[in-house]
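Okay, structure first, notes after.
The values are calculated or read from the model by the stated rules, or taken from the named source; none is laboratory data. Just so we're clear, the structure is a prediction, and the values are computed from it rather than from any experiment. With ideal geometry, Cβ positions are generated from the backbone for all residues, glycine too; neighbour counts draw on all protein chains shown.
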Amino acid sequence: MATNPPIVALRGASLSFGGNPVFEKADLPVGIGDRLCLVGRNGSGKSTLMKALAGLADIDSGERFQQPGARIAYLQQEPVFAKDSTVGQYVAEGLPPVQDNAPRDHLVESVVRRLGLAPETPTARLSGGESRRAALARTLVSDPDVLLLDEPTNHLDLPTIEWLEQELLGFRGGILLVSHDRAFLTRLGQKTYWLERGELRRTNQSFAHFEDWADKLLADEEMQAQKLNRRIAEEMRWLREGLTARRKRNMGRVKALMLNRRERAERIRPSGRMIVSVETAEGAGTAIIEANHIAKSFPQPDGTEKLLVKDFSTRIIRRDRIGLIGPNGAGKTTLLKMLIGELKPDKGRVKIGFGVEIAYFDQKREQLNPTTSLWETLAPGGDTVFINGKPKHVATYLKEFLFQDRQFRSPVGSLSGGERNRLLLAKLFSQPHNFLVMDEPTNDLDMETLDLLQEVIADYEGTVLLVSHDRDFLDRTVTAMLAVEGEGKVTEYAGGYRDYLAQRPAPVEDGPKAARPAAAPKAEKPKSAPAKLSYKDQRELDQLPGMIDKLGTEIAKLEEKLADPDLFRRDPDGFQKTSALLERAQAALAKSEDRWLELESLREGIEQAKTV
């Protein structure tokens, strides 16, 4: 298959840090029209390899080639800003030189605003995510021959990611992408490079075929490893027998054995897969969250009110997996915080169910103190964490999340973004909970960790509510979507992201022929609230928690009895009777939980009315 001549390339390039190879004898050419993906786990050296290709990192051996006059634009993960600069000034520095001095401010402003930034904003005031978007804007306006993009979709919302895809599909130069976003890579990538244990491998197939290709390579390696193990066993047997019989070592065979051992160690050491157990709290009922006609708005600098949520109602029950999507600034985090009780709605009411224990993954990672060590973060003042009621040494637990011994006493501030996300996951998973709430958990995580997180969510006995812009991750994890669509509108859709795309209505054109929505029915005049709960209702409310606990215990015992695989064969009548009892107990529990929610909401409404 004919390939374009490279604009920039690495040829036989090798680089090591501290004696450990990052990559060895790597060949990576990028030519006009190339759409290349570079994948690998966090810490495998993808960013270092990309910096070497950009000419920003020296290689130990091999060659870097760049065509004379070619422009290479590199999007790095942590941009550096000049003192007292604005976003517009920073982005304009990326513009290519021109001969005619034509004004190009409109290009800078167009790209900057499309990425959700204002040109006049001082760069010193940008958050981490905003800094990344400013760096992306600077890269896009540079009119390069080759784009080297390191995690370009991090901190972008879905509409902006889709816009970026269109921009890159229309780009005539070469592209090399590092990303964890499978949907993004699948749409753009035509060839895939895989950096694994210092070796850069390539398939000429698109990213859609990457996992099948990688699985085959690993299966072949496993077969070779088994042959190596047999060879080591044979050499060990010879060594023992030879020493006993002749008292003389054949040093050539001993050295071969040592080399075989070292090869096996290299195969084993980097396997690095996270091992995750989740501490699940007991006692949550069927009803997790009930939101009734909630609304929220915030004042703006010009004196107006920005409506984020208007008249939204939903009911979330146990084992639901809900995805929350929408443009940046539309109100996703606001809605999330209202649903979990961290933010009070202006109107309406949110009720959190009986026995619900929330674990909240905050996208800003504010639960992590940058000056505290990893050890202290997980086990303050001690050395033990408890997972499902069993003690585990904090060092063992940290290793399960792929942290090295040298990092245990290091401050959190020394970690990369992906490592901080892993630490926050470790912290959350060590706490009892039955409702996992995650705000942008996929940022900075590699695909392997995303796969593991997907498995955790699939096996989790509790309820999940997550905000994400990763379309593939949403399709793999959620059963329903809440779409924050702007101007206060929130719509619920069944299924994952693809189902949402299929169900959402087509946008309606403005104008005299546009269809108008039917007028909403007039709300009934609310009845005046009673002064207090009746004696009967208050007594019922007091008794319901004990009843719910009792029913939960009864259900657990019945489920345990039915788990006996021989019960049906041994006692078919008993099996049918137990199944009927379980069905009645589950119905009674659901009814009790609904009644508790109803009475608790009524009690809260009375208390609020007294304060008005």
Which pairs turn up if I take residues in the range 401-421 that are farther than 10 Å from Leu374 by Cα and look for partners that are at pLDDT below 90 and acidic (Asp, Glu) with beta carbon separation below 8 Å, at least 6 apart in sequence or on another chain?
Ser416/Asp444; Gly417/Asp444; Gly418/Asp444; Gly418/Asp446; Asn421/Asp444
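Output the residue which, of all residues in the range 303-325 that are part of a strand (DSSP E or B) and acidic (Asp, Glu), is surrounded by the fewest Cβ atoms within 10 Å (Cβ to Cβ).
Here is the first cut: in the range 303-325, the residues part of a strand (DSSP E or B) are 305-317, 321-325.
The next check asks that each one be acidic (Asp, Glu); those that pass are 305, 311.
Values: Glu305: 10, Asp311: 15.
Checked the range 303-325; the qualifying residue surrounded by the fewest Cβ atoms within 10 Å (Cβ to Cβ) is Glu305.
Of everything in the range 198-213, what is over 20 Å from Asp475 (Cβ atoms) and surrounded by fewer than 19 Cβ atoms within 10 Å (Cβ to Cβ)? Give them in sequence order.
Within the range 198-213, the subset over 20 Å from Asp475 (Cβ atoms) is 198-205, 213.
Selection gives Glu199, Arg201, Arg202, Thr203, Asn204, Gln205, Trp213.
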Restricting attention to the range 14-21, does a residue exist that is modelled with pLDDT of 90 or more and not polar (S, T, N, Q)?
yes
If you go through the range 14-21 one residue at a time, do you hit one that is assigned to a strand (DSSP E or B) and under 22 Å from Glu167 (Cα atoms)?
no
Could you give every pair whose Cβ atoms fall below 9 Å, whose first residue belongs to the range 576-587 and is in the same structural domain as Leu562 (by TED's automatic domain parsing) and at pLDDT 80 or above, and whose second residue is part of a helix (DSSP H, G or I) and of a type in the set (Val, Ile, Thr), counting only separations of at least 6 or pairs across chains?
Leu582/Ile555; Ala585/Ile555
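Quick one: in the range 463-495, of everything that is in a strand (DSSP E or B) and free of Cβ contacts under 8 Å to residues at least 24 places away in the same chain, which residue is surrounded by the fewest Cβ atoms within 10 Å (Cβ to Cβ)?
Restricting attention to the range 463-495, the residues satisfying the condition of being in a strand (DSSP E or B) are 463-467, 480-486, 489-494.
Retained after the next criterion (residues that are free of Cβ contacts under 8 Å to residues at least 24 places away in the same chain): 491, 493-494.
Numbers: Thr491: 14, Tyr493: 18, Ala494: 10.
Among those residues, the one meeting the criterion is Ala494.
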Under 6 Å by Cβ, and 6 or more places apart or on different chains, what pairs join a residue from the range 104-125 that is surrounded by 15 or more Cβ atoms within 10 Å (Cβ to Cβ) with one that is basic (Lys, Arg)?
Leu115/Arg133; Leu117/Arg133
Of the listed residues (Ser61, Ser44, Ser85), the one being among the polar types (S, T, N, Q), within 13 Å of Phe23 (Cβ to Cβ) and either surrounded by fewer than 18 Cβ atoms within 10 Å (Cβ to Cβ) or in contact with a His (Cβ under 6 Å, 6 or more places away or on another chain) (or both) is Ser61
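Filter the range 331-386 down to the residues that are part of a strand (DSSP E or B) and of a type in the set (S, T, N, Q), then identify the one that is nearest to Thr463 (Cα to Cα).
Keep residues of the range 331-386 that are part of a strand (DSSP E or B), which gives 347-352, 358-361, 373, 384-386.
This time we only want the ones that are of a type in the set (S, T, N, Q), so: 373, 384.
Numbers: Ser373: 30, Thr384: 27 Å.
Selected residue: Thr384.
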